[in-house]
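Beneath this line is the structure, given in structure tokens, with notes to follow.
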Amino acid sequence: MKAFLTRRKSLLAAASAALALTLSACGGGGTGTGSNPTPVEKPSFAAGTTMEKLASAGKVTIGTKFDQPLFGQKGLDGKPVGFDVEIGKLLAAKLGIAADKIEWVETVSANREQFIKQGKVDLIVATYTINDKRKTEVAFAGPYYEAGQALMVNKDNTSITKPEDVKGKNVCSVTGSTPASTIVEKYGAVLVPAATYSACLEPLRNKQVEAVTTDNVILAGFVNKEPDAFKLASDETFTKEPYGIGVKKDDTEFRNWINDQLEAFAKDGSYKKAWEDTAGAVIKTAPELPAIDRY
């Protein structure tokens with residue numbers, strides 16, 4: 001099968017052995033407690049909009065991952081930390097809502113669309129790749145970050161260096177995720193499904209699977225936690241994964257408002273600071289905000 005490798009450097013290149021800090025030292029696998037941005041005082045929104053309803057309520061429910069080092073991982077205090085969490089806090093602050101008034105709900109890949117449609121969350125910031133299939137069920141603001149799919153293997157594995165090498169081999173990924181579909185449909189792997197990416201670690205360690213696949217930045221967090229156990233199979237990625245913020249499909253006003261805030265965060269330095277306070281502890285090169293897709 002012809003490879004369609006996107007020849008670009010993985011952000012993990014910045015996470016060399018010299019950066020061998022342990023995430024566990026910063027709140028149970030996170031990267032610190034993050035910030036508490038100052039809420040806007042008495043923000044004004046058009047009546048009936050989601051923004052007005054949330055601001056009036058003084059609270060917001062945000063879905064995120066609880067097991068993704070660098071982006072969203074529950075700390076020892078029970079609160080999630082990471083880049084996604086910081087983006088959620090910044091948005092809440094613009095609604096006039098303090099960080100301690102955010103209800104964080106764990107969302108895994110398999111339940112994100114349902115949680116949005118059922119109203120269990122007001123928005124989702126959870127390494128959530130924008131794609132056409134998901135757009136039939138929910139709407140996306142962003143993207144606010146672009147990752148790429150990669151492979152993680154045991155440190156002593158030399159047989160897998162590219163996605164073509166996993167054909168016919170057991171590979172763990174999360175049920176309902178874009179990486180799970182890609183590795184099976186394009187590269188012929190045998191999927192060993194899991195509810196979360198962290199649930200793939202022991203099968204990999206015990207060699208029940210030969211690789212774990214998801215976005216490079218997610219795998220970077222796992223490698224950083226256990227550099228003597230795991231490694232990326234390559235510094236290259238083989239897809240583009242634009243992360244978006246999920247909201248209800250017909251809520252165009254809320255989606256456009258979030259897009260406006262993301263662009264403002266990029267201009268005022270909030271976006272960069274959110275990165276530096278979290279994922280930047282490992283991946284030193286701060287990203288630029290991708291071009292917003294105002295579909």
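Side notes on the structure shown:
- Matching residues in region 108-159 - criterion: being of a type in the set (S, T, N, Q) and either surrounded by 14 or more Cβ atoms within 10 Å (Cβ to Cβ) or under 18 Å from residue 256 (Cα atoms) (or both): 109, 111, 127, 129, 131, 136, 149, 154, 157
- Residue, nearest to residue 215 (Cα to Cα), within region 123-152, restricted to residues that are in a loop (DSSP other than H, G, I, E, B) and among the β-branched types (Val, Ile, Thr): 130
- Set side by side, the residues 260, 228 differ, and just one is acidic (Asp, Glu) and assigned to a loop (DSSP other than H, G, I, E, B), which is 228.
- Residue satisfying all of: in region 67-99; part of a loop (DSSP other than H, G, I, E, B) and either under 12 Å from the mean Cα position of the chain (by Cα) or acidic (Asp, Glu) (or both); nearest to residue 246 (Cα to Cα) among these: 71
- Unique match (being at pLDDT 95 or above, within 25 Å of residue 286 (Cα to Cα) and assigned by TED's automatic domain parsing to the domain that holds residue 269) among 89, 53: 89
- Evaluating residue 161 against the criteria (1) part of a strand (DSSP E or B); (2) over 18 Å from residue 197 (Cβ atoms); (3) not hydrophobic (A, V, I, L, M, F, W, C) leaves one unmet condition, (1).
- Subset of region 33-66 that is without any contact (Cβ under 8 Å) to a residue 12 or more places away in the chain and not in a loop (DSSP other than H, G, I, E, B) - its residue that is farthest from the chain's Cα centre (by Cα): 56
- Residue under evaluation residue 256, criteria (1) outside the structural domain of residue 95 (by TED's automatic domain parsing); (2) surrounded by fewer than 21 Cβ atoms within 10 Å (Cβ to Cβ), criterion not met: (1)
- The one condition in (1) modelled with pLDDT of 95 or more; (2) outside the structural domain of residue 259 (by TED's automatic domain parsing); (3) under 20 Å from the mean Cα position of the chain (by Cα) that residue 178 fails to fulfil: (1)
- Note on region 149-207: residues that are out of contact with any Ser or Thr (no Cβ under 9 Å at 6 or more places or on another chain), in contact (Cβ under 8 Å) with a residue 40 or more places away in the chain and among the acidic types (Asp, Glu) amount to 1.
The values are calculated or read from the model by the stated rules, or taken from the named source; none is laboratory data. Keep in mind that what you see is a predicted model, and the values were worked out from it rather than measured. Cβ coordinates were reconstructed from backbone atoms using ideal geometry, including for glycine residues, and neighbour counts include every protein chain displayed.
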